[in-house]
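For reference, the structure is listed below as structure tokens.
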Amino acid sequence: MAKIKKEISEQKDKFAVFSIGAVDFALDIMRIKEIVKPLKITVIPKAPRFIEGVINLRGNIIPIVDLRKRFGLKITEALLSSERIIIARLNGKTIGLIVDLVSDVLSLGKSDISPPPEIVKGVSAQFIKGLGKVGSRLILLMDLDRILTVSEKISLKSSVKEKGMDKAVKEAEEEDAVSSDSAQQAQDAEGE
């Protein structure tokens, strides 16, 4: 009976686990809207180096952050086929996060989460809010709210304005129309 009460009293949160290189990270699934395969990215001039650009996802223009560049990790060519974009909410806005692989969803209770060790405190751990423990596996819990600094958010916003959201939307719509026309032509050719 005591074990049942303990399980009831410890609420567990769910985290999506993703990899960047050989490092496993996790993000609270309540922050994630969806996970998609890579889409055509429109480059934004003067954006921070880790901002790849923007995508048009069903009419929504979403800035894309390459977490490999943001964390200073190498981009592994071998993993490009498993690459995904995690569409997440950040301060009331939607953002896309490029990762190497999304592997699974884990449930973690407070007893499964430890603060980052003292040795990694400071700038190198600014994106980490804790360590999740699952057996002998350790997973870095990402602090999504700290992915962009205030100045980076301002820089991105002004870069997007310079590019012109209307122009970015128009380019993305034109690309979609060309893709649709090509697909229709291929279907017509098959039917003949």
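Quick rundown of the values:
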quantity: Qualifying residue in segment 68-81 (condition: at pLDDT 90 or above and either among the small types (Gly, Ala, Ser) or within 19 Å of Ile128 (Cβ to Cβ) (or both)); calculated: no
quantity: Qualifying positions in segment 1-55 - of a type in the set (Ser, Thr, Tyr) and either assigned to a loop (DSSP other than H, G, I, E, B) or at pLDDT 85 or above (or both); calculated: Ser19, Thr42
quantity: Which listed residue, of Ser103, Ser124, Ser111, is polar (S, T, N, Q), part of a helix (DSSP H, G or I) and modelled with pLDDT of 80 or more; calculated: Ser111
quantity: Cβ pairs under 7 Å, 6+ apart, first in segment 65-90 and surrounded by 15 or more Cβ atoms within 10 Å (Cβ to Cβ), second modelled with pLDDT of 80 or more and of a type in the set (Lys, Arg); calculated: Lys69/Arg49; Arg84/Lys37; Ile87/Lys33; Ala88/Arg31; Ala88/Lys33
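The values are calculated or read from the model by the stated rules, or taken from the named source; none is laboratory data. For clarity, every value in this text was computed on a predicted model and none was experimentally measured. Every residue, glycine among them, receives a Cβ derived from its backbone with ideal geometry; neighbour counts consider all protein chains shown.
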